[in-house]
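Participant: The structure under discussion is supplied below as structure tokens; questions concerning it will follow.
Bear in mind that the values in this text are calculations on the coordinates, not laboratory data. Model, not experiment: these values are computed from the prediction. A quick note on method: Cβ atoms are made from the backbone with ideal geometry, for glycine too, and the neighbour counts reach across all protein chains shown.
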Amino acid sequence: MKLFFHIGRYFILLAQILKKPEKASIYRRQIILEMDNIGLQSLGIVAIISVFMGAVVTIQTAFNTDHPMLPRYAIGFATRQSIILEFAPTIISLILAGKVGSRIASEIGTMRVTEQIDALEIMGVNSSGFLILPKVVAAMIINPVLIVLSMFLGIFGGWIVSAVTDVMPVSNFIYGILFEFAPYDIFYALVKTVVFAFIITTISGYYGFFTNGGALEVGQSSTNAVVTSSIFIIIFNLILTQLLLA
Amino acid sequence: MIRVVNVSKSFDGVPVLKNVSTVFEKGKTNLIIGQSGSGKTVLMKCLVGLLNNDAGQILYDNHEFSTMTFAERRIIRQKLGMLFQGGALFDSLTVEENVIFPLNMFSEMNREEKLERANFCLKRVNLENVNHLYPAEISGGMKKRVAIARAISNSPSYLFCDEPNSGLDPLTAIVIDNLISEITQEFDITTVVNTHDMNSVMEIGDKVAFIYKGELWWEGSRFEILKTENKEVNDFVYASELMRTIKQ
């Protein structure tokens, strides 16, 4: 029963979020601010993880495909496909669910317990729309940029491995990453990213907005936001993969 | 003027407000007093629409508020200012941005006009040279004053104050009380203050409504409350040794 209660309340909140903003110029400014908070401030962690994961994927692929029947460029090909199809959109989104999701839930949750949301309501502001919509729009714009960057950096990490170790020749790696490149894979990854951005921001916003109590409950909301967002990212990953690739 | 007619509210079947009826007059500081848990905060939340009353009517200048749609309520709410117990200032905004916020959302003023209005409101609450500080960088009393400045920035017709003196020393509390009273008279607004501080009652209570176990138990002026024979009111008013000594 509690699950249905949460689902119903989530969709009611979504309907409130999507109401016409009081003043579009204020919302536009908020979106820019949120793009900085959500996107640019996540740049460092995304870059570091992408480079190292790309390098690790290349090494692991090389060790697991050490067979005379398999061409060496297959390592570059497999690295590219792993990074574009799964690692960048899904794993980075899961990391963003942890970083951005907890931030959103705790920020809005703290505003709830310190009556800042009540203050917005009394002024006549659509508080859920004002607090959550700019975050949703900002994430849906900036997350694809982060993911494309992650793709480049992941492949760059693989290139570094091929350049500084004897895992494989650089020329084979370059040939592999260019081999049978399908732009549709990028489209698939970006569609997933946009859906995941929506999931992270709305679920985290939901948990933050309906926080009750004090500091302890803000922490619980933050944890619930990360756990639930991650679960839904995994579920929608499967659904979208079936819909777009099968 | 705000008229409350037979307002009731329950939580999980437990009645918290029972047929409360009263009038909060324009240009006066109207106080709701009572013990903790008596229902005064619930009454204030019903008045401003943060809670929906189960029965009865709340009328803002004869406009029924309880049955209004969200869009209709928004028009009334733009005429409301509220001072919350903890100030409820937006942490991410400076003092100046906090005061300007309602103007940004609902006025058509240009930037200079908004700044001028913000500075006027801050000056009115005796705050200067704090425009660029964040709420975390100012004292509790200053936060309350910034919250008052924000509440009056949009020239409200109704001002609500929830426990304006909580957490303040007696001197700062009197400053806040007097500020609320002066602003009420100066801008001719309807002010409703929720408090259990007898100093506030004696300082600014043009009209006092005593809530007891969810019912409107007694109402009158700050002068009448000292003379009433009502037992529950007397128990509340003369709860402290100091007040009992003054009475004797």
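Participant: Count, for each residue of B:86-94, the Cβ atoms from other chains sitting within 10 Å of its Cβ, then give me the mean as a whole number.
Facilitator: Mean partner shielding for this stretch: 4.
Participant: Could you tell me which residue out of A:Gly208, A:Gln81, A:Ile59 lies farthest along the dipole of chain A toward its positive end? Charges go on the beta carbon: Lys and Arg +1, Asp and Glu -1, centred on the Cα centre.
Facilitator: My answer, from the dipole projection, is A:Gly208.
Participant: A further question on this structure: 5 Å is the cut-off here: which amide hydrogens, built 1.01 Å from N in the peptide plane, fall below it relative to B:Val16, excluding neighbours closer than 5 in sequence?
Facilitator: B:Lys9, B:Ser10, B:Phe11
Participant: Let me ask another. Quickly rank A:200-206, A:70-76 as a protection proxy: mean count of other C-beta atoms within 10 Å, highest first.
Facilitator: A:200-206, A:70-76
Participant: Quick one: putting +1 on the C-beta of Lys and Arg, -1 on the C-beta of Asp and Glu, what dipole do you get for chain B around its Cα centre, in Debye to the nearest 20?
Facilitator: 300
Participant: Same structure again: In what sequence do A:His67, A:His6, B:His63 fall when counting other Cβ within 10 Å, fewest first?
Facilitator: A:His67, B:His63, A:His6
Participant: Quote the charge dipole size of chain A about the Cα centre in Debye, to the nearest 20; the model charges only the Cβ of Lys and Arg (+1) and of Asp and Glu (-1).
Facilitator: Computed about the Cα centre, the dipole is about 440 debye.
Participant: Here's something else I'd like to know. May I ask for the net charge around B:Pro164, where only other residues with Cβ less than 12 Å from the Cβ of B:Pro164 are counted and Lys, Arg are +1 while Asp, Glu are -1?
Facilitator: Combined, the nearby Lys, Arg, Asp and Glu give -2.
Participant: May I ask you to evaluate 6.51 cos²θ - 1.76 cosθ + 1.60, the Karplus curve with θ = phi - 60°, for each residue of the range A:76-83 and list the ³J(HN,Hα) values in order in whole Hz, giving x for glycine and proline?
Facilitator: x, 4, 5, 4, 4, 5, 4, 6
Participant: Still on this structure, I have one more. When the dipole is taken about the Cα centre of the range B:137-246, and only Lys, Arg (+1) and Asp, Glu (-1) are charged at their Cβ, what size is it in debye, to the nearest 20?
Facilitator: So the dipole magnitude of the range B:137-246 works out to roughly 120 debye.
Participant: Shielding by partners for A:105-117, please: the mean number of other protein chain Cβ atoms within 10 Å of each residue's Cβ.
Facilitator: Across A:105-117, the average partner-chain Cβ count within 10 Å equals 3.
Participant: So how far, in whole Å, is the C-alpha centre of the range B:47-108 from the one of the range A:123-142?
Facilitator: Taking the Cα centre of each part, the range B:47-108 and the range A:123-142 sit 19 Å apart.
Participant: Explain nothing, just compute: Karplus ³J(HN,Hα) = 6.51 cos²θ - 1.76 cosθ + 1.60, θ = phi - 60°, for every residue of the range A:222-235 in order, whole Hz, x for Gly and Pro.
Facilitator: Karplus values, whole Hz, x for Gly and Pro: 4, 5, 4, 4, 5, 5, 5, 4, 4, 4, 5, 5, 5, 5.
Participant: Take the cross-link list B:Lys9/B:Lys227; B:Lys79/B:Lys227; A:Lys20/B:Lys144; B:Lys18/B:Lys45; B:Lys143/B:Lys231; B:Lys79/B:Lys231 and give me the ones stretching past 26 Å between alpha-carbons.
Facilitator: Pairs exceeding the cut-off: B:Lys9/B:Lys227; B:Lys79/B:Lys227; A:Lys20/B:Lys144; B:Lys143/B:Lys231; B:Lys79/B:Lys231.
Participant: Quick one: net charge around B:Met68, please, counting Lys, Arg +1 and Asp, Glu -1 for every other residue with C-beta under 12 Å from its C-beta.
Facilitator: +1
Participant: Per DSSP H run of n ≥ 4, the term is -39500 (n - 2.57); total these for chain A, divide by its residue number, and report the mean residue ellipticity at 222 nm rounded to 500 deg cm²/dmol.
Facilitator: -25500 deg cm²/dmol
Participant: Here's a follow-up. Using just the helices of chain B, give the 222 nm mean residue ellipticity in deg cm²/dmol: DSSP H runs with n ≥ 4 each add -39,500 (n - 2.57), and the total is spread over all residues, rounded to 500.
Facilitator: Calculated mean residue ellipticity at 222 nm is -11500 deg cm²/dmol.
Participant: I've got another one for you. Convert each backbone phi in the range B:86-102 into a coupling constant with the Karplus relation 6.51 cos²θ - 1.76 cosθ + 1.60 (shift: θ = phi - 60°), then list the ³J(HN,Hα) values in order as whole Hz, x for Gly and Pro.
Facilitator: x, x, 6, 6, 7, 4, 7, 10, 6, 3, 4, 5, 4, 6, 6, 3, x
Participant: Can you put A:Thr193, A:Thr58, A:Thr165 in order, fewest other beta carbons within 10 Å first?
Facilitator: By the 10 Å Cβ count, ascending, the order reads A:Thr165, A:Thr193, A:Thr58.
Participant: What does the average come to when, for each residue of peptide B:98-105, you count the partner chain Cβ atoms lying within 10 Å of its Cβ?
Facilitator: Average neighbour count from other chains, rounded to a whole number: 3.
Participant: Under a 10 Å cutoff between Cα atoms, tell me which one of B:Leu127, B:Leu159, B:Leu80 has the largest fluctuation in the Gaussian network model of chain B.
Facilitator: B:Leu127
Participant: Would you mind putting B:40-46, A:170-176, B:229-235, A:103-109 in packing order, based on average other-beta-carbon counts within 10 Å, highest first?
Facilitator: In decreasing order of mean packing, B:40-46, A:170-176, B:229-235, A:103-109 become A:103-109, B:40-46, A:170-176, B:229-235.
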